[in-house]
Structure formats: C-alpha cells, structure tokens
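Everything below concerns the one structure shown next.
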Amino acid sequence: MAAKLKKGDKVVILTGKDKGKTGEISRIMPQDNKAVVDGLNISIRHTKQSQNSQGGRVPQAMPIDLSNLALVDGNGKATRVGFRMEDDKKVRFAKTTGEAI
C-alpha cells in the first residue's frame, strides 16, 4: 500500500498533549505505523555520562501514531490524503482542496 504520509511532509497533530501544533516529519516507521515529528511529542531521556557525551537530561522527540497526524494543505488546514492517476503516474492529493501534493 502506498504511504499517505512521507518524510518531509508538514503535518498537524490531531490528539494528545501537542494537539493543534504543526511540524515536519523527520522519520517514518511504517512497520510500527508511527512517525517522528521534529520538535513535537518531546520526552526527557536520562543518559549516563560517557567519554563522548556529558550525560544528563536530553529532550528527544518520540514517535506518534500515524492515525493522530493529518497533512497540512495549502490553506494551512488539516486534510486527508487521496490518490489519483495523472499521466500514468500515481500522485497524492489533498481531499480538501484537490491539489496534488
């Protein structure tokens, strides 16, 4: 099945502590059905000091389920993603505006 959301897409979070905030997808994990969005869903990870790093409390973006993310269309609103054929090529398009992504 084709991916509705891809790395680099601008998305809005639909549920959770960061509801309504927007960001860019930095990593997709299709096997887990999750994505990491830069600067959102931050958790504090405690790391031990080593020769390479200082250690301490390190903020880290945690994965979010894909069902809790929606693509941002040209108007800045959340939209669902559809697929259609254009010149023998499958393209994604925003359901709200109909424009290709």
Restricting attention to the alpha-carbon atoms of segment 10-94, what are Rg (one decimal) and Dmax (integer), both in Å?
16.8, 56
Hey, can you grab everything whose amide H is under 5 Å from the amide H of I64? Only 5+ residues off in sequence or another chain; H modelled, so Pro and N-termini drop out.
A35, V36, V37
Which of the trypsin sites (Lys or Arg not before Pro) found in segment 11-101 are loop residues per DSSP with 14 or fewer other Cβ atoms within 10 Å of their Cβ?
K17, K19, K21, K48, K77, R80, K95
The local net charge around Q60, scoring Lys/Arg +1 and Asp/Glu -1 for residues other than Q60 whose Cβ lies under 13 Å from its Cβ, equals +2
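Explain nothing, just the number: relative contact order of segment 44-101, from Cα pairs under 8 Å at least 6 residues apart, as a whole percent.
This gives 19 percent for segment 44-101.
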May I ask you to evaluate 6.51 cos²θ - 1.76 cosθ + 1.60, the Karplus curve with θ = phi - 60°, for each residue of segment 69-79 and list the ³J(HN,Hα) values in order in whole Hz, giving x for glycine and proline?
10, 9, 5, 9, 7, x, 8, x, 10, 5, 9
Listed residues V91, V36, V72; largest mean-square fluctuation, Gaussian network over the chain with Cα springs below 10 Å, found at V91
Can you give the relative contact order of the chain as a percent, counting alpha carbon pairs under 8 Å and 6+ residues apart?
21
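Only the coordinates and a few stated rules stand behind these numbers; no lab work does. Since this is a predicted model, take the numbers as computed values, not measurements. No Cβ is skipped: glycine too gets one built from the backbone with ideal geometry, and neighbour counts run over all protein chains shown.
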